[in-house]
Amino acid sequence: MSAVNGDSEAPSYYLASANRYVEHPVLRGEVRTDVCVVGAGFTGLSAALELAERGYRVVVVEAETVGWGASGRNGGQICTGFSSGMEPIEAQLGPDDARKCFEIAEEGKAIIAERIARHAIACDLKWGYLHVAAKPGAMADLSGMQASLQRYGCETELLDRESLRERLGTDRYHGALHEAGAGHFHPLNYCLGMADAAIAAGVEIYEHSRATRIESGPDPVVHTGEGLVRARFVVVAGNAYLGRTVKPLHTRIMPVGSFLVATEPLGEERARTLIRDDEAVADTNYVLDYFRLSGDRRMIFGGGCTYSGVIPDDIAARMGRRMTRIFPGLADARIDYAWGGFIGITVNRIPDLGTVGGTVFYAQGFSGQGVTLGNICGRLMAEAVAGQAERFDLMARFRHQPFPGGPVRTPLLVLAMAWYRLRDMLG
Ligand SMILES: Cc1cc2nc3c(=O)[nH]c(=O)nc-3n(C[C@H](O)[C@H](O)[C@H](O)COP(=O)(O)OP(=O)(O)OC[C@H]3O[C@@H](n4cnc5c(N)ncnc54)[C@H](O)[C@@H]3O)c2cc1C
């Protein structure tokens, strides 16, 4: 088993198929800069790149290596909107500001497409998404989702069971909602491409340089094991892997484990019998299955959920079982890679943005939709540093409940999880 901040797992498919891996030095001694970014995932690198493009000197300190956290391990699904859906956001902020938030989330997708094109990042970007109904009753939920997305101008199509059966090689699902404007990609290659772009724009990246302490206030200082960074501003983007580095942030999110497997390459023809039009797919369960084909035609199948803070050793067997329940024909497909990672979730599944001491900005808790939200929240923090905080302030208005702290934290969540699992099973 490996714990949240451990590094003993087998390499993921993404690591094994990374375009190239540039090593960055360890931070030793003292450096001065305009902005110190903590964490080199989508959020931190997005902020760093945007800030450097605006003329700021930027230093990134990463505890492990670029993309080591959730950004280099995830399902690669480029989702629309927020994990919570729009209703709780409308209830908190009212319809006009909720619409602004939705447009901000949509910009997250546009950033990805723009950066891939501008920096020629080879990361197998594909558009098309299927939300599939895991239970007959879920078709009503998908109709509700369609109505909500339509209000926000998104193109969708409801598919009945027969039409879905023509597109997906399984009869497990009861229908689907197809979205043209969501998609999937190789997340680590995108992350590494962003790091290259950031370096080209003048950003300094230090790896194996965990921030151990952050002094906020007028002259913030970020301490690492062997060095320190004096900056005018700090951007904290450690998300589910931050631990207790910034105390007030710890109870605002919970790291939830999720797991993936990648099969051997299946060949174009067999792959197309599984997902005909190469969409990303996710089901409607609370503990959901999500899957897609990789660029080299492997099935990448994810799901599961753990609140215990450890990644189990038997991911291949567990996820293999889940995968063959959906695609029995894959029983003979070899599983080449199995890995896991931690998603930062908030109680209400709405992202958590804010400031500490006026000069430290943070964004975390994208609750399973950080591919787009991490990218855009990086930009919002860059805007806030540059004194254009209107959009950051809007998202920082989301109200959050902390998770329980202390010894009841994990048992309570395990109980909650058991309840949701039961609900998924009962239909
Ligand atoms: C298995 C899995 C599947 C997922 N699937 C999807 C999906 O399909 N679609 C989707 O939208 N989202 C998905 N997510 C969520 C998504 O990956 C995350 O929301 C997103 O990557 C968060 O990016 P981030 O940059 O905020 O955090 P991370 O990518 O986790 O980066 C944080 C970085 O900060 C570093 N760090 C932490 N503490 C410190 C410190 N003290 N000092 C220095 N560095 C530090 C970490 O080492 C890490 O590299 C998934 C997540 C997981 C784990």
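The values are calculated or read from the model by the stated rules, or taken from the named source; none is laboratory data. Source: prediction; values computed, not measured. So basically every Cβ, Gly included, is an ideal-geometry build from the backbone, and we count neighbours across all protein chains shown.
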### Message
Considering only region 280-293, I want to know if a residue exists there that is part of a strand (DSSP E or B), touching a Phe, Trp or Tyr at 6+ places or on another chain (Cβ under 9 Å) and modelled with pLDDT under 95.
### Response
no
### Message
Take Thr212 and tell me if it is surrounded by 14 or more Cβ atoms within 10 Å (Cβ to Cβ) and in contact (Cβ under 8 Å) with a residue 12 or more places away in the chain.
### Response
no
### Message
If a residue must be more than 13 Å from the ligand (Cβ to nearest atom) and surrounded by fewer than 22 Cβ atoms within 10 Å (Cβ to Cβ), how many such residues does region 227-259 contain?
### Response
5
### Summary
region 334-427: helices (runs of 4 or more DSSP H) wholly inside it with 2 or more residues that are of a type outside the set (Val, Ile, Thr) and either closer than 30 Å to Val132 by Cβ or at pLDDT below 95 (or both) are 370-385, 409-426
### Message
Where the second residue is among the aromatic types (Phe, Trp, Tyr) and within 7 Å of the ligand (Cβ to nearest atom) and the first is closer than 15 Å to Val281 by Cα and lies in region 254-267, which pairs have Cβ atoms under 9 Å and are six or more apart or on separate chains?
### Response
Leu260/Tyr290
## Note on the structure
How many residues of region 173-184 are closer than 17 Å to Ala105 by Cβ and of a type in the set (A, V, I, L, M, F, W, C)? The answer is 2
### Task
Tell me which residues, restricted to region 171-213, are touching a strand residue (DSSP E or B) at 6+ places or on another chain (Cβ under 7 Å), assigned to a loop (DSSP other than H, G, I, E, B) and within 13 Å of the ligand (Cβ to nearest atom).
Phe185, Ser209, Arg210
### Summary
When (1) within 12 Å of the ligand (Cβ to nearest atom); (2) of a type in the set (A, V, I, L, M, F, W, C); (3) farther than 21 Å from Met395 by Cβ are applied to Leu45, the one that fails is (3)
### Task
Keeping to region 294-308, report how many residues are part of a strand (DSSP E or B) and either more than 15 Å from the ligand (Cβ to nearest atom) or not hydrophobic (A, V, I, L, M, F, W, C) (or both).
4
### Query
When residues of region 49-68 are filtered for being within 11 Å of the ligand (Cβ to nearest atom) and on the phi < 0 side of the Ramachandran plot, how many remain?
8
### Query
In region 69-100, how many are touching an Asp or Glu at 6+ places or on another chain (Cβ under 7 Å) and either in contact (Cβ under 8 Å) with a residue 60 or more places away in the chain or within 16 Å of the ligand (Cβ to nearest atom) (or both)?
1
### Message
List the residue pairs whose Cβ atoms are under 7 Å apart, where the first residue sits in region 238-250 and is closer than 15 Å to Val360 by Cα and in contact (Cβ under 8 Å) with a residue 24 or more places away in the chain, the second is within 6 Å of the ligand (Cβ to nearest atom) and small (Gly, Ala, Ser), and the two are 6 or more positions apart or on different chains.
### Response
Gly238/Gly39; Asn239/Gly39; Asn239/Gly41; Asn239/Gly69; Asn239/Ala70; Thr245/Ala211; Thr245/Gly238
### Single match in Ala40, Ala91 (criterion: touching a helix residue (DSSP H, G or I) at 6+ places or on another chain (Cβ under 8 Å) and among the aliphatic types (A, V, I, L, M))
Ala40
